[in-house]
Each structure stands twice: as structure tokens, then as C-alpha cells.
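Working notes, beginning with the structure itself.
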Amino acid sequence: MSSTPQPYQDSTTHLPDNWPERLKTWWMVMQIALAERLAYRGDFALGTLMRFLPIITQIFLWGAVFNSLKSGSGDTAKLGGFTFQEMVAYFLLTMLARAFSSMPGLASTIASQIRQGEIKRYLIQPIDLIGFLFLSRVAHKAAYYVVAILPFGLVFFLCRSYFVNGFPPPYIFASFCGSLVMGFAIGFFLEATIGMIGFWFLEVSSLLFIFMLFSFFLSGHMFPLTLLPESVLTVVNFLPFKYLAFFPAAVFLQKIPDEDLPWELGIEAAWVTFFIIVCRVMYARGVRRYSGFGG
């Protein structure tokens, strides 16, 4: 049995006009999401620690690759503009960047809530769906880094010799932090946009699989994008995927020329704005045709 379709009304209009009350509501959402994330601390901590094991494999793998590239004269081998030390540092930094930009389960959760009718509660309560999910992810990432900060610090300390250029200048580090924050926003709104397709199609798992496949290869998570042929790299540079992993790592390692850095950060900010608008438009149009089945 389904409910009669109702014209969509933006639930955010029901929020109090008093900004302190709004902030209090969203702060409560943050607290609930944080408590939910920390409910199973042992499992969460173990899962966090296990994420560091692949870096050992990466060190041995790329060590073998670079040893095979060394010339008889003993010159330092480079691959895609990276030495062996820089390659290890790159993968450490992409692991950090992906921890910001990856949104496991976000799109599938949105699509499932639409399909099962659970999304109705966001239409009758004074809570905006996108804002609620965004704050939930912020809380989850905060919980992750509270647990992971010591392992991350230890791994980076033990691997400090791989950062041959040392710690970057303040303006580079600030750009790196900004790229991480914007990478989080791109990752969230891009995957949320895919989830909104559930308003038109009941199943988005195949589309999500294709997206994850492209994201894994074209974000630079598997290898630096500079290893791609020039013709392919030109196309990839027009896509938003590189800002999820490759770009923050390249900024920290000072692989982005200073004159290009403001332009690249501006393009990343433009992608953030683009996906925010697309996500909001799809949500607004989607709920207009939503019939409230299930739930």
C-alpha cells in the first residue's frame, strides 16, 4: 500500500529561524553520529590498523620495480617523475587522502533508503537529508582520525626517510590541507549524487561499481597518474577523480609547480561547487516524483 504522492516541500524551511537553535540541532546530529561510530571501538580500531598493512606490500613491490630500472652507472631511477623514496611517500599520502575522500556505502545507502521508503522520515521531519548525511560523514571521519592519528603518526615517523624533500613550506602545507578538505567534499557530493539516481532507477549497484572502478584507477590511488600516456593524462586532468588522491599527494611532495597551484586549487573548488549544485538539484527533483512506497 502506498501513500498518495505529495508535492515536495523543502524540509529545511521548517527549521527554526533562530541560528543558535539550528546549530544546536546539527550539533546533536554530530554527537549521535559520533556515538554511533564509536559503539564498537575494538572492531573499529582493529579495522583502522589493518589499513596500514598494504603499505608494506607497496614498499617491496616498488622496491623491486625500481631495482630493475637502475642503470649500470648507479644513477637514481625515476618512474613518472618519482624516485623510489618519493613513490613510497606518495602512497603514504594517497592513503591519507583516500581516508578523507572515500565514502564507503554512501550511494548504496541513499539508493536503498529511497527504494525501501525510509527517506520519508526526512520529508516529514525538520532535518535535511543531505545535511544530515554530510554531518554524519564528518563525525565518522573525525572518529576515524581520533583512532588513526597515532598509527598514522607512527607510520609516517618510521617512513620519514622516504620524504626526501622534508616537510613542505607553510603555503604548500596549507594548500595540502585545503586539497584534503575539498577532496572530502568532492567525494561526498559526487557519491551522494550517484545515490540520488535511485529516485529514477531502483537499482544503482552496477553504476556504483563502474564509478568505484574508475575512481580507483583515475584517482591515482593505484599508481601516480604521471605514469599514464600523455594523451590519456590530458583527458584524466579534465576529470574530478585526481583530486581524491593524486592531487593532495602531489601538492605535499611539491610536484605541482607553484605557478599552477592556485589554478589547480581553483579548479578543485569549482568541482566542489558543481557537485553541490548537481546533488541539490537532483534531490529536489527526485522528491517531487517520489511516491513513498515501502517503509
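The values are calculated or read from the model by the stated rules, or taken from the named source; none is laboratory data. These figures come from a predicted structure and were not determined experimentally. Virtual Cβ from ideal backbone geometry, glycine too; neighbours counted across all protein chains shown.
Identify, from the list Ser291, Ser231, Ser219, the residue that is out of contact with any strand residue (DSSP E or B) (no Cβ under 8 Å at 6 or more places or on another chain), modelled with pLDDT under 95, at negative phi and crowded, with 17+ Cβ neighbours inside 10 Å. Outline the logic, then answer.
On the way: Ser291 fails: crowded, with 17+ Cβ neighbours inside 10 Å; Ser231 fails: crowded, with 17+ Cβ neighbours inside 10 Å.
Ser219 is the lone residue from the list that is out of contact with any strand residue (DSSP E or B) (no Cβ under 8 Å at 6 or more places or on another chain), modelled with pLDDT under 95, at negative phi and crowded, with 17+ Cβ neighbours inside 10 Å.
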Query raised in the report: Does at least one position in the stretch 141-155 carry a residue that is more than 29 Å from Phe60 (Cα to Cα), hydrophobic (A, V, I, L, M, F, W, C), out of contact with any Ser or Thr (no Cβ under 8 Å at 6 or more places or on another chain) and surrounded by 16 or more Cβ atoms within 10 Å (Cβ to Cβ)?
Result: yes
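Filter the stretch 103-143 down to residues that are among the polar types (S, T, N, Q) and in contact with a Gly (Cβ under 6 Å, 6 or more places away or on another chain), then give me how many there are. It would help to see each step written out before you state the result.
Step one: of the stretch 103-143, the residues among the polar types (S, T, N, Q) are 108-109, 112-113, 116, 125, 136.
Then keep just the ones that are in contact with a Gly (Cβ under 6 Å, 6 or more places away or on another chain); that gives 116.
Summing the residues that are among the polar types (S, T, N, Q) and in contact with a Gly (Cβ under 6 Å, 6 or more places away or on another chain) in the stretch 103-143 gives 1.
Residue by residue, here is whether (1) of a type in the set (Lys, Arg); (2) within 19 Å of Lys141 (Cβ to Cβ); (3) touching a residue at least 24 places away in the same chain (Cβ under 8 Å); (4) touching a helix residue (DSSP H, G or I) at 6+ places or on another chain (Cβ under 9 Å) holds:
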| position | (1), (2), (3), (4) |
| --- | --- |
| Ile186 | no, yes, yes, yes |
| Leu190 | no, yes, yes, yes |
| Ile197 | no, no, yes, yes |
| Ser205 | no, no, yes, yes |
| Phe209 | no, no, no, no |
Report summary line: Within the stretch 103-129, residues being touching a helix residue (DSSP H, G or I) at 6+ places or on another chain (Cβ under 6 Å) and under 28 Å from Ile149 (Cα atoms) number 3
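Considering Phe223, Phe217, Phe201, which residue is in a helix (DSSP H, G or I) and out of contact with any Asp or Glu (no Cβ under 6 Å at 6 or more places or on another chain)?
Values: Phe223 fails: in a helix (DSSP H, G or I); Phe201 fails: in a helix (DSSP H, G or I).
None of the others qualify; the one that does is Phe217.
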Report summary line: Restricted to the stretch 268-279 and to residues being of a type outside the set (Gly, Ala, Ser) and surrounded by fewer than 17 Cβ atoms within 10 Å (Cβ to Cβ), the residue nearest to Tyr171 (Cα to Cα) is Thr273
Report task. Could you list, in sequence order, all residues of the stretch 250-292 that are closer than 19 Å to Ser112 by Cα and in contact with a helix residue (DSSP H, G or I) (Cβ under 8 Å, 6 or more places away or on another chain)? Result -> Cys279, Arg280, Met282, Tyr283, Arg285, Gly286, Val287, Arg289, Tyr290, Gly292
Query raised in the report: Before we move on, is Ser108 at pLDDT 65 or above, within 28 Å of Ser205 (Cβ to Cβ) and surrounded by 15 or more Cβ atoms within 10 Å (Cβ to Cβ)?
Result: yes
Query raised in the report: Which residues, taken from the stretch 226-261, are aliphatic (A, V, I, L, M) and not in a helix (DSSP H, G or I)?
Result: Leu228, Leu239, Ala245, Leu253, Ile256
**Report entry** Filter result (in contact with a helix residue (DSSP H, G or I) (Cβ under 8 Å, 6 or more places away or on another chain), exposed (fewer than 12 other Cβ atoms within 10 Å of the Cβ) and part of a helix (DSSP H, G or I)) within the stretch 156-180
**Finding:** Ser161
**Report entry** Matching residues in the stretch 45-60 - criterion: being at pLDDT 70 or above and surrounded by 13 or more Cβ atoms within 10 Å (Cβ to Cβ)
**Finding:** Ile55, Gln58, Ile59
